[in-house]
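Encoded as structure tokens, the structure appears first; notes follow it.
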Amino acid sequence: MSPLSGRVALVTGGSRGIGAAIARRLAADGADVAVTYRNSPERAAEVAAGIRAAGRRATAIAADSADAGAIRHAVETAAAELGRLDVLVNNAGTFPYGPLADVTVEELDATLAVHPRAAFVAAQAAAPLMTDGGRIVSIGSNLAVRAGAPNMTLYAMSKAALDGLTRGLAHDLADRGITANTVHPGNTATDMNPPDDPGADEARAETPLGRYADPAEIAATVAHLASAGGAFISGASITVDGGRNA
């Protein structure tokens, strides 16, 4: 039997990059999967179609993670359309970058809305719908562990907040066997972070393993946390960055 056979997962921001890789991996492990998207309906539909072609059920749900109401609706829709909810992956994200002095209150609020607020709202909405023994995984960043460079204060802060959410959820949901963890990827080869960008050679040089991660490698960690093998891991922050923050 597949590790996630009979399970249902929701992956926010699942139309591309790490989110799409997570959705595909959870489906490959036996789960039916819902993904949310904001600006990429064609790509979300492609991810869902690929999952269906592999024999699993899938649905793509339009939801702006900055809109708390849309996130609640996405959680409810995923559970209604697929019949249950066992795994929530808070993946949707943005990447604000620039001098501290230039950060506006509007940018601050928008970033916090997409990262910790959306993850909190999704977890709050998912918990009463989730089966006992469910899983909540939030995708952070190794920059939340060690910012490492200027111009990333807002991003680092917003991703670091996910660790606090994870620790709180680990206590609040423990009586139902629901685990909560954060996965902090390092540089990962996606269209948001291409390995041929300016600065990519420096990033590789600072990474002991000397390369960018493949999105599938991040998805593998999430899949383990979502499986029976992750049942005793909760409240943890796991960095997957090739040793860059070591």
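Data overview
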| item | result |
| --- | --- |
| In Hz, Karplus ³J(HN,Hα) per residue of the stretch 224-237 (6.51, -1.76, 1.60; θ = phi - 60°; x = Gly, Pro) | 5, 5, 7, 8, 4, x, x, 5, 10, 9, 8, x, 9, 10 |
| Cβ crowding within 10 Å averaged over residues, with 53-65, 29-41, 167-179 ranked highest first | 29-41, 53-65, 167-179 |
| Rounded to whole Hz, the Karplus (6.51, -1.76, 1.60) HN-Hα couplings of the stretch 143-157, x for glycine and proline | 6, 6, 7, 8, 4, x, 6, x, 6, 10, 4, 5, 4, 4, 4 |
| Among 208-215, 5-12, the order from most to least packed when residues are scored by Cβ within 10 Å on average | 5-12, 208-215 |
| Rg over Rh [alpha-carbon atoms, Kirkwood Rh] for the chain | 0.95 |
| Residues with amide H under 5 Å from that of THR182, placed H, sequence gap 5 or more | SER138, ALA236, SER237, ILE238 |
| Label-point gap, in nm, between ASP132 and ILE238 - each point 7 angstrom along Cα→Cβ | 2.5 nm |
| Compactness index (Cα Rg / 2.2 N^0.38 Å), the stretch 173-246 | 1.30 |
| Approximate shape of the stretch 60-132 as ellipsoid semi-axes (Cα gyration tensor, √5λ), whole Å, largest first | 29, 11, 9 |
| Distance-filtered residues of the stretch 1-21 - backbone nitrogen under 20 Å, label point 7 angstrom along GLU76 Cα→Cβ | 9-13 |
| Under the Karplus curve 6.51 cos²θ - 1.76 cosθ + 1.60, θ = phi - 60°, whole-Hz ³J(HN,Hα) for the stretch 211-220, x wherever Gly or Pro sits | 7, 7, 6, 7, x, 5, 6, 5, 4, 5 |
| Relative contact order, percent, the stretch 30-117 [alpha-carbon distance under 8 Å, six or more residues apart] | 25 percent |
| GluC sites (Glu not before Pro) restricted to DSSP loop in the stretch 1-94 with at most 15 other C-beta within 10 Å | none |
| Cα coordinate range in the stretch 92-164, projected on the principal axes (Å, largest first) | 45, 25, 17 |
| On Cα atoms only, tilt of 68-82 relative to the major axis of the chain in degrees | 40 degrees |
| Separation in nanometres of the label points that stand 7 Å from Cα toward Cβ, at ASP175 and ALA110 | 4.1 nm |
| Local electrostatic count, PRO194, Cβ distance below 15 Å [Lys/Arg +1, Asp/Glu -1] | -3 |
| Cα point-scatterer Debye curve for the stretch 1-45, base-10 log of I(q)/I(0) at q = 0.26 Å⁻¹ | -0.82 |
| Nonlocal amide H pairs with LEU88, under 5 Å, H built at 1.01 Å | LEU10, ARG135, ILE136, VAL137 |
| Radius of gyration, Dmax [the stretch 99-211; alpha carbons; angstrom] | 16.4, 48 |
| Point-charge dipole on Cβ atoms (K/R +1, D/E -1) for the chain, about Cα centre, debye to 20 | 700 debye |
| The chain: angle of helix 17-28 to the longest principal axis, Cα-based, in degrees nearest 10 | 30 degrees |
| Summed side-chain charge close to PRO96 - residues other than PRO96 whose Cβ falls under 15 Å, Lys, Arg +1, Asp, Glu -1 | -2 |
| Most to least packed among 137-148, 120-131, 97-108 [average Cβ atoms within 10 Å] | 137-148, 120-131, 97-108 |
| Kirkwood-based shape ratio for the stretch 1-124, expressed as Rg/Rh from alpha carbons | 1.02 |
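Bear in mind that the values in this text are calculations on the coordinates, not laboratory data. The model shown is predicted, which means the values in this text are computed figures rather than measured ones. As a convention, Cβ positions derive from the backbone with ideal geometry for all residues, glycine included, and neighbour counts pool all protein chains shown.
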